[in-house]
Amino acid sequence: DAGVIQSPRHEVTEMGQEVTLRCKPISGHNSLFWYRQTMMRGLELLIYFNNNVPIDDSGMPEDRFSAKMPNASFSTLKIQPSEPRDSAVYFCASSYDRGYIDTQYFGPGTRLTVL
Amino acid sequence: QKEVEQNSGPLSVPEGAIASLNCTYSDRGSQSFFWYRQYSGKSPELIMSIYSNGDKEDGRFTAQLNKASQYVSLLIRDSQPSDSATYLCAVSLYNFNKFYFGSGTKLNVKP
């Protein structure tokens, strides 16, 4: 079975541009997570969906960030406008929620560089 | 206080030795515990999960959980250079649908 799929793998953009990251979770998983990882802050949870519904978005840094999950097999994380401090690796992860968050499986990540 | 605390390391051990990685957590409501390994430039991958007090062994890896002390550890026996990576501890709080990662411990296994 395919694991979590993310695209693009690398993104270089200029400050002020819109950036859209995409994720396809593992088939059958009902929870999806977006994380950001930097050397300074480690792995931070941005938002968590369960059955396509956002459950916890307390980690979304500010209004420039938005995430959607229109169906069980696709999610996007959008940054508009992007800033250099948004440069990081963004991971998507999915899991099967049995009423609690269990093992998460990570995608390969998108390395975002904002110039 | 962070929900999950780990020593950032690096922890250096010689090849063939036992590597001991430690993690403490703050919320007594934590109910599931996980160790992930992350190689440089790669994504985290699950090594082990543990749900009850005691030891759980899987090959060269042993996870140990002590809920009274709010402590979870990972032992790697016969460490190999290929074990060199950052090890992330994570906990899940069922009642609050929360999942927290520690900042990770960097392990270096020297040939």
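Within segment A:97-114, take every residue that is out of contact with any Asp or Glu (no Cβ under 9 Å at 6 or more places or on another chain) and surrounded by fewer than 19 Cβ atoms within 10 Å (Cβ to Cβ) and give me the one that is nearest to the other protein chains (Cβ to nearest Cβ).
Only one residue tops the list, namely A:Tyr100.
Under 9 Å between Cβ atoms, which residue pairs at least 6 apart in sequence (or on different chains) link something in segment B:46-70 that is under 14 Å from B:Asn22 (Cβ atoms) and touching a residue at least 40 places away in the same chain (Cβ under 8 Å) with a partner that is acidic (Asp, Glu) and not in a strand (DSSP E or B)?
What qualifies is B:Gln70/B:Asp27.
Would you mind stating whether B:Val109 is within 14 Å of another protein chain (Cβ to nearest Cβ) and crowded, with 20+ Cβ neighbours inside 10 Å?
no
In segment A:56-96, how many are without any contact (Cβ under 8 Å) to a residue 24 or more places away in the chain and either among the small types (Gly, Ala, Ser) or surrounded by 16 or more Cβ atoms within 10 Å (Cβ to Cβ) (or both)?
Within segment A:56-96, residues that are without any contact (Cβ under 8 Å) to a residue 24 or more places away in the chain and either among the small types (Gly, Ala, Ser) or surrounded by 16 or more Cβ atoms within 10 Å (Cβ to Cβ) (or both) number 6.
Take B:Ser79 and tell me if it is of a type in the set (S, T, N, Q), more than 14 Å from chain A (Cβ to nearest Cβ) and surrounded by 20 or more Cβ atoms within 10 Å (Cβ to Cβ).
So B:Ser79 passes the test.
Keeping to segment A:14-49, report how many residues are crowded, with 18+ Cβ neighbours inside 10 Å and touching a residue at least 12 places away in the same chain (Cβ under 8 Å).
19
Assess whether B:Tyr36 counts as being aromatic (Phe, Trp, Tyr), in contact with a Leu (Cβ under 7 Å, 6 or more places away or on another chain), within 27 Å of A:Gln6 (Cα to Cα) and away from chain A (no Cβ under 11 Å).
Considered against the rule, which asks whether it is aromatic (Phe, Trp, Tyr), in contact with a Leu (Cβ under 7 Å, 6 or more places away or on another chain), within 27 Å of A:Gln6 (Cα to Cα) and away from chain A (no Cβ under 11 Å), B:Tyr36 comes out as no.
Would you mind finding the one in B:Ala90, B:Ala17 that is away from chain A (no Cβ under 14 Å), touching a residue at least 40 places away in the same chain (Cβ under 8 Å) and among the hydrophobic types (A, V, I, L, M, F, W, C)?
Only one candidate qualifies: B:Ala17.
Taking strands (runs of 3 or more DSSP E) that do not extend beyond segment B:40-102, which have at least 3 residues that are under 22 Å from A:Gly59 (Cβ atoms)?
Numbers: elements: B:45-50, B:54-58, B:61-66, B:71-76, B:85-93, B:98-101.
Because the criterion is at least 3 residues that are under 22 Å from A:Gly59 (Cβ atoms), the strands (runs of 3 or more DSSP E) in segment B:40-102 that meet it are B:85-93, B:98-101.
All of the numbers you see were taken from the coordinates with simple rules; none came from a lab. Small disclaimer: the values here were computed from a predicted structure and weren't measured. Every residue, glycine among them, receives a Cβ derived from its backbone with ideal geometry; neighbour counts consider all protein chains shown.
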